[in-house]
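A short write-up of the structure that comes next.
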Amino acid sequence: MLSRGHETIDHTADMGIRGWGSTPAEALEEAAAAMLELMADVRGLVPSRRSTISRAGSDLTELLIEFLNGLLSDADLSGTVYLRAAVTRLEKTSDGTWALDAAIEGVPLDEVRERLRIEVKAATYCGASVREQDPGVWVARCVVDL
Amino acid sequence: MARVEVRKVHDYLWEIPKSGEMNVPGRIYADEDSIRFLLSEGKSKEWDALLQVRNVACLPGIRKASLAMADIHPGYGFPIGGVGAFDLDTGVVTIAGVGFDINCGVRTMIVGVPKEDVEARKKELADALFRIVPAGIGSTGSLKLSAKEIDEVLLRGARFVIDRGLESASDLAYVEEGGMVEGADPSCVSATAKERQFKQVGTLGSGNHYLEVQYVDTVYDEKAAEAFGLAVGTVVVSIHTGSRALGHQIGTDYQSVLRKASEKYKIPIRESELVAAPIGSPEGKRYIAAVKAGINCAFANRQAIAHLVRKAFKEVFGAEGTRVRTMYEVGHNNLKFERHVLDGVETDLLIHRKGATRAFGPMSAGLPDRYRMIGQPVLVGGTMGTSSYVLIGTEKGMEETFGSAIHGAGRRQSRKQALKEYRGERIIGDLAARGIVVRVHSKPGIAEEAPGAYKDVENVVGIMEGAGVSRRVVRLKPMVCVKG
């Protein structure tokens, strides 16, 4: 297995996504990449929009779901197709919650309509987890509602 | 070994006997083949629809049975096709029983244009519908709303659209709940959810949402068909969509709220999305008030699309195309307060229907006068290019399923499997060869909706009829299909 990557997992009605990497931040980035690739064919696109996203959760799983759903609502509101999200900070804060910041790159949706694949309604807690599967291998997964 | 044991009740009904932490038994409408398929999936797949039926049966305050209609397949927490009724004092509300597409449903309208005329101009009609009804990812509607107006949509549903001068109020008698539920509270809906909806009222969406122009191919029940205004050759148009981004965001916002509520109220979480709050708790009340706002949003959306569909028919057929009247509209992802007879006693319950259609029998409250003696039309969307059905609710359905029936064929294959097996272009070509005009906003989405990825709708309808829960009234065949 490559040190980082992502894939989709079979689910009858919807779709499972799975991202892995050597840190929780990499696993979350890869899970986001899996979701964004479901939504559009992002290969070869050059980003023209940049923004940031900050999210928090009571544990890493909630942080994953908040992060993915934050990407969905921000993309919808701004009319943007996101190409990738790079986690710039992921830490456990002094009050015990988890927080992340990420830098996002995208392109205006109107410019790439022919690249759109399918609408993701939400990231769900179904099958959701973020855990260190093997030493140094973090896996983030969940089912997204299509 | 399967994770769940089932026993046969009769040819079309199976039971997961009450055991362990189950508060009620599980009951699944299925024939021998489909129960075998569900059991084998349960052995090999991570998500097991029968286990989901069992998990729902363990929720506090559930009454009678955790039910699954014949289109059952695995969902998240609740099976798709699942129905759960909860006691108002001891029961819970669960997000898994509603989902992210709140009040997704179908409106079917009868078109007063002869079938031959529609047949002759179906390409023109398909183009007009494709152009006039906004659909696909990121599409925006012609109604641009202010913050105050979106609150009005959430409070008043389809009535908001009618008050804007779009259509006459005569539609509303033929819409579930008259197109508006009481008790919606816009203050329970986040600013993000509202902002996402400003431009989306009157948009079809994507995925499995569609517009279909269909004709009645077979009549099974003359009396009911006549009451509904249907005969062989009648042309109808069906709209399948829901509450769009607003519903998705309400679900997103409340899944964390209900997750925390499950811990607070010590409701065991058996599957991570099957989180719940007591109906009477502050969290439960807020979620219910938000879902009601989502329900109204979907009513408004379908009413706005109905207006656009009429515009398209008028454009193509002139005066002849103005005769388009609503036959019925009903949702299939819903949360409803309803009164049902339980053990001989009329009881108020909170009913969850996740991918299940309300299917009230004759003489039920809330039916249009014209249908009261007959029962409620149940609109079952077939798979793209295959048959759809209009069914009717029965007294037996009122006794057994809280007046609920199927909502579609139900998926048989995962989207991943479908993508491997089917190609969008090929599917469109096959449908065209059968005379069905297809217009698609997102071609990559088509392969996932391939007819072969779904169960045989004829069989699913037959199971419900065999069980006596719903009966066939007419079968509809597609002429034009516009996909989101």
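Quick look at the values:
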item: Of the criteria (1) surrounded by fewer than 20 Cβ atoms within 10 Å (Cβ to Cβ); (2) under 15 Å from the mean Cα position of the chain (by Cα), which one B:Glu421 fails; result: (2)
item: Those residues of the stretch A:78-90 which are farther than 16 Å from A:Pro47 by Cα and more than 17 Å from the chain's Cα centre (by Cα), in sequence order; result: none
item: Any helices (runs of 4 or more DSSP H) falling wholly within the stretch B:398-484 and containing at least 3 residues that are in contact with a Phe, Trp or Tyr (Cβ under 8 Å, 6 or more places away or on another chain); result: B:457-467
item: Residue that is farthest from the other protein chains (Cβ to nearest Cβ) [pool: residues in the stretch A:115-130 that are part of a strand (DSSP E or B) and in contact (Cβ under 8 Å) with a residue 60 or more places away in the chain]; result: A:Val130
item: Residue among B:Gly452, B:Gly429 that is more than 11 Å from chain A (Cβ to nearest Cβ), farther than 26 Å from B:Tyr76 by Cβ and surrounded by fewer than 16 Cβ atoms within 10 Å (Cβ to Cβ); result: B:Gly429
item: In the stretch A:96-114, the residues that are touching a Gly at 6+ places or on another chain (Cβ under 6 Å) and not in a strand (DSSP E or B); result: A:Leu109
item: Test: residue in the stretch B:232-239 that is modelled with pLDDT of 95 or more, surrounded by 19 or more Cβ atoms within 10 Å (Cβ to Cβ), closer than 19 Å to A:Glu119 by Cβ and more than 10 Å from chain A (Cβ to nearest Cβ); result: yes
item: Tally of residues being buried (at least 18 other Cβ atoms within 10 Å of the Cβ), among the polar types (S, T, N, Q) and either on the phi > 0 side of the Ramachandran plot or touching an Asp or Glu at 6+ places or on another chain (Cβ under 9 Å) (or both) across the stretch B:309-357; result: 3
item: Among residues of the stretch B:268-292, those that are part of a loop (DSSP other than H, G, I, E, B) and without any contact (Cβ under 8 Å) to a residue 12 or more places away in the chain, counted; result: 1
item: Residue tally, condition in contact with a strand residue (DSSP E or B) (Cβ under 6 Å, 6 or more places away or on another chain), surrounded by 13 or more Cβ atoms within 10 Å (Cβ to Cβ) and within 26 Å of B:Val257 (Cα to Cα), over the stretch A:93-128; result: 14
item: Some residue of the stretch A:2-9 being surrounded by fewer than 23 Cβ atoms within 10 Å (Cβ to Cβ), assigned to a helix (DSSP H, G or I) and either more than 11 Å from chain B (Cβ to nearest Cβ) or modelled with pLDDT of 95 or more (or both); result: no
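Rundown of residues vs (1) acidic (Asp, Glu); (2) over 30 Å from B:Ala225 (Cβ atoms); (3) in contact with a Ser or Thr (Cβ under 8 Å, 6 or more places away or on another chain), yes/no style:
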| site | (1), (2), (3) |
| --- | --- |
| B:Ala261 | no, yes, yes |
| B:Leu274 | no, yes, yes |
| B:Glu283 | yes, yes, no |
| B:Lys292 | no, yes, no |
| B:Ile305 | no, no, yes |
| B:Ala312 | no, no, no |
| B:Gly318 | no, no, no |
| B:Met327 | no, no, yes |
| B:Val330 | no, no, yes |
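The values are calculated or read from the model by the stated rules, or taken from the named source; none is laboratory data. Just so we're clear, the structure is a prediction, and the values are computed from it rather than from any experiment. Methodologically, a virtual Cβ is constructed for each residue, glycine included, from the backbone with ideal geometry; neighbour enumeration extends over all protein chains shown.
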